[in-house]
Amino acid sequence: MTPPALSRLLLPPGPAGVTRLAGAVRRMLAGTESYLEVVPSDRPPPTNVTIGFDAPAIVVPTSGSTGAPRRVVLPLSALLASADRGSAALGQPGRWLTTIPVTGVGGVLTIVRSLRAGFDPVAWSGVGGAEPFTAASFSAVAAPLLTTTQSASVPVYVSLVPTQLRRILADPATAAVLAEFTAVLVGGSRLPTDLRQAAEVAGVRVVATYGATETAGGVVFDGKPLPDVTVTLEPEPADDTDTGDEPNLGHELDTGFDPEAGVEAGVIVIGGPTVAAGYLDDPHETSFVPHGFRTGDRGEWRGGRLIVNGRIDDIIKVGGVKVSLNAITNVLRSDPRVRDAHVIARPSTEWGQVPHAFVVLRDPGTSDPSADLIEAVGLALGRRSQPPTMAVVPEIPVTAAGKPIRRET
């Protein structure tokens with residue numbers, strides 16, 4: 001039997017894209033659609049069309065936070081495994097409000113979960129970049145949805161990225177609307193502690209999720225893997241090529257196994273029924289291993305929960321010295337003047353790469369603390385870890401999928 005050809009589903013921004021994808025998923029569940037790729041209608045589609053996957057699947061691009069997006073083949077069985085186990089972990093299936101792009105796996109899952117529960121998904125008006133996310137536009141669709149579903153005693157859920165959650169909580173009236181949701185999944189990037197605390201004070205049931213496109217989305221809820229999902233930690237690849245005149249304090253503080261504390265740490269590998277079949281454009285990619293998908297993230301177990309400590313590739317070489325972007329970020333976040341921080345790598349003709357920091361201040365009206373913060377990084381981690389440049393910004397810059405950028409080229 002000849003495997004089906006890959007068809008492309010162009011998804012416009014806004015509710016129309018959600019409706020179009022929901023129709024395709026419905027056909028796939030019914031067995032009349034088998035193999036498709038979701039593509040934003042405002043971007044040129046990939047030039048090559050690959051034929052050959054012999055099971056129902058959706059091809060979804062990665063976020064592109066670390067480079068060009070990859071095309072991930074997600075079997076329908078993996079999407080259903082992720083959706084059904086996630087719904088069970090939340091308590092019971094329900095209706096979903098889609099606020100994140102459906103050209104990403106998080107948005108796809110809101111559609112799959114809703115359809116599995118017997119409901120059409122409801123879309124926020126600006127989904128997929130149709131308009132900027134505001135508390136008012138969220139409330140305009142969330143409030144009527146809550147009224148309808150609560151009268152029928154139906155659970156109602158929403159997935160948000162941290163930036164969306166922060167904008168909602170900044171408006172007390174909209175925060176009260178969000179608190180009426182049965183649960184709010186937050187993923188795409190790290191959930192800052194202060195943001196989680198603010199949500200809890202507002203009465204919002206927040207569930208922090210961890211996963212990847214390659215694992216059919218978030219499959220670790222609040223540090224606990226979903227049923228049948230395995231999480232193992234492997235040793236990091238050895239790298240003894242350090243040179244330079246300073247110890248690599250950033251790397252030493254950022255990772256490793258602490259036998260006295262009994263903390264197991266290493267590279268996170270996720271396995272189980274939610275793992276993708278591979279990359280459409282690179283079937284021999286070595287991140288897919290027999291027991292799952294090697295995420296490239298560091299993690300450790302604390303009290304039976306998985307703690308994610310940043311990516312392996314956040315270690316850059318600055319003049320031959322290893323520098324941890326994650327360690328710099330943690331130093332900046334520890335300053336009481338800083339609400340959030342993010343550090344990326346920038347190319348440098350002199351050093352190869354250098355760190356560049358973005359910081360969000362708790363009080364935007366205060367004087368620029370960049371010089372003090374750069375000095376604090378040097379004292380904590382060494383001279384080479386000091387960011388040559390730092391930008392005070394209102395929000396951390398993110399990709400279209402809501403993830404902080406990780407590299408500049």
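Given springs between every Cα pair under 10 Å in a Gaussian network model of the chain, which of ALA55, ALA277, ALA30 has the largest fluctuation?
ALA30
What's the extension gain from GLU264 to ASP363 if we count 0.36 nm per residue and subtract their Cα-Cα distance? Numbers along the way, then the final one.
On the way: separation 99, 0.36 × 99 = 35.64 nm, distance 3.75 nm.
Contour length minus Cα-Cα distance gives 31.9 nm.
Distance between the C-alpha centers of segment 197-212 and segment 70-97? Whole Å please.
Value for the Cα centre distance between the two parts: 19 Å.
Please name which of VAL338, ALA83, PRO369 has its Cα lying farthest along the dipole of the chain towards the positive end, using unit charges on Cβ (Lys, Arg +1; Asp, Glu -1) and the Cα centre as origin.
Farthest towards the positive end: ALA83.
What is the ratio of the Cα radius of gyration of the chain to 2.2 N^0.38 Å, with N the residue count, to two decimals?
Numbers: Rg = 21.5 Å, N = 409, 2.2 N^0.38 = 21.6 Å.
Here the Cα radius of gyration is 1.00 times the empirical estimate.
ASP372 to GLU350: FRET efficiency via 1/(1 + (r/R0)^6), r the Cβ-Cβ distance, R0 22 Å, to the nearest 0.05? Please report the intermediate quantities before stating the final value.
Numbers: r = 25 Å, r/R0 = 1.12.
Efficiency at R0 = 22 Å is approximately 0.35.
Compute the label zone of GLN197 within segment 353-380: residues whose backbone N is under 15 Å from the point 7 Å along Cα-to-Cβ.
Under 15 Å, as judged by backbone N against the label point of GLN197, lie 362-363 of segment 353-380.
For a quick check of your reading of the filter: which GluC sites (Glu not before Pro) in segment 349-398 sit in a DSSP loop and have no more than 16 other Cβ atoms within 10 Å? Could you put the intermediate results ahead of the total?
Details: sites: GLU350, GLU375, GLU395; in loops: GLU350, GLU395.
Filter output for segment 349-398: GLU350, GLU395.
Calculate the dipole size of the chain relative to its Cα centre from +1 charges on Lys and Arg beta carbons and -1 charges on Asp and Glu beta carbons; express the result in debye to the nearest 20.
1340
Just subtract the alpha-carbon distance of GLN92 and THR389 from 0.36 nm times their residue separation and send over the number in nm, one decimal.
On the way: separation 297, 0.36 × 297 = 106.92 nm, distance 4.79 nm.
Stretched fully, the GLN92-THR389 segment lengthens by 102.1 nm.
Given R₀ = 25 Å, FRET efficiency for ALA152-LEU29 by Cβ-Cβ distance, to 0.05?
Numbers: r = 22 Å, r/R0 = 0.90.
About 0.65, to the nearest 0.05.
Name the residue from LEU185, PRO12, GLY106 whose Cα lies farthest towards the positive end of the charge dipole of the chain, charges +1 on Cβ of Lys and Arg and -1 on Cβ of Asp and Glu.
PRO12
Distance between the C-alpha centers of segment 324-395 and segment 149-186? Whole Å please.
Answer, in whole Å: 32.
Positive end of the dipole of the chain, charges at C-beta (+1 Lys, Arg; -1 Asp, Glu), about the Cα centre: which of THR329, ALA57, PRO394 has its Cα farthest in that direction?
Going by the charge dipole, the pick is ALA57.
With all protein chains present, how much of the accessible area of the chain (probe radius 1.4 Å) comes from carbon and sulfur, to the nearest whole percent?
On the way: 9640 of 17700 Å².
That share works out to 54 percent.
For a quick check of understanding: with a 1.4 angstrom probe and all protein chains in place, what accessible area in square angstrom does THR103 have, to the nearest ten?
Surface accessible to solvent at THR103 totals approximately 30 Å².
What is the spin-label model distance, in nm, from ASP120 to ALA55 if the labels are put 7 Å beyond Cα along the C-beta direction?
It works out to 3.2 nm between the two label points.
Write down the accessible area per residue of the chain in Å², having rolled a 1.4 Å probe over the full set of protein chains. All intermediate terms of the calculation are to be shown ahead of the outcome.
Working: 17700 Å² over 409 residues.
With the other protein chains kept in place, the chain gives 43 Å² per residue.
Report the relative contact order of the chain, percent, no decimals, based on alpha-carbon pairs under 8 angstrom and at least 6 residues apart. Could the numbers behind the result be given before it?
Working: 850 pairs, mean separation 54.2, N = 409.
Rounded, it is 13 percent for the chain.
Divide by every residue of the chain the summed helix terms, -39500 (n - 2.57) for each DSSP H run of at least 4, and state the resulting mean residue ellipticity at 222 nm, rounded to the nearest 500 deg cm²/dmol. Let's see the in-between values first.
Working: 10 runs with 111 residues, N = 409.
Mean residue ellipticity, 222 nm, calculated: -8000 deg cm²/dmol.
Summarise the long-distance tail of P(r) for segment 292-335 by giving the % of C-alpha pairs beyond 11 Å. Don't jump to the answer; show the numbers that get you there.
Numbers: 675 of 946 pairs.
The proportion of pairs with Cα distances above 11 Å equals 71 percent.
Test of understanding: what is the full-extension gain from SER7 to ALA170, defined as 0.36 nm times their sequence separation minus their Cα-Cα distance?
Values: separation 163, 0.36 × 163 = 58.68 nm, distance 4.20 nm.
So the extension gain works out to 54.5 nm.
From the protein chains alone at 1.4 Å, what is the descending order of accessible area for ASP297, ASP194, ASP120, largest first? Present the calculation step by step, with values, prior to reporting the outcome.
Values: ASP297 20, ASP194 40, ASP120 85 Å².
Ranked from most to least accessible, the order is ASP120, ASP194, ASP297.
Taking the Cα centre of segment 299-409 as origin, sum charge times position over the Cβ atoms of Lys and Arg (+1) and Asp and Glu (-1), and report the length of that vector in debye to the nearest 20. Walk me through the intermediate numbers first.
On the way: 15 positive and 12 negative charges, 84 e Å.
The calculation lands at about 400 debye.
Looking at the chain, send over the antiparallel percent of its DSSP beta bridges, to the nearest 5.
Working: 47 of 72 bridges.
Of all bridge pairs located within the chain, approximately 65 percent are antiparallel.
Would you work out if segment 60-129 is rounded, prolate or oblate? Take a ≥ b ≥ c from the square roots of the eigenvalues of the alpha-carbon gyration tensor; rounded if a/c is under 1.5, else prolate when a/b is larger than b/c, oblate otherwise.
Oblate, since a/c reaches 1.5 and b/c is not below a/b.
Quick one: among GLY203, GLY217, GLY292, which has the greatest mean-square fluctuation in a GNM of the chain with alpha-carbon springs under 10 angstrom?
Evaluated over the chain, the most mobile residue of the options is GLY203.
Which translational diffusion coefficient, to the nearest whole µm²/s, is obtained for segment 312-360 from the Stokes-Einstein equation, given a Kirkwood hydrodynamic radius over C-alpha pairs, 37 °C and 0.692 mPa s? Please list the in-between numbers first.
Details: Rh = 11.1 Å.
For the chosen part, D equals 295 µm²/s.
The values are calculated or read from the model by the stated rules, or taken from the named source; none is laboratory data. All of these numbers come straight from a predicted model, not from anything done at the bench. Positions of Cβ are backbone-derived with ideal geometry, glycine not excepted, and every protein chain shown enters the neighbour counts. Note: areas computed on protein heavy atoms with side chains; ligands, DNA, RNA excluded. Shrake-Rupley method; radii C 1.70, N 1.55, O 1.52, S 1.80 Å.
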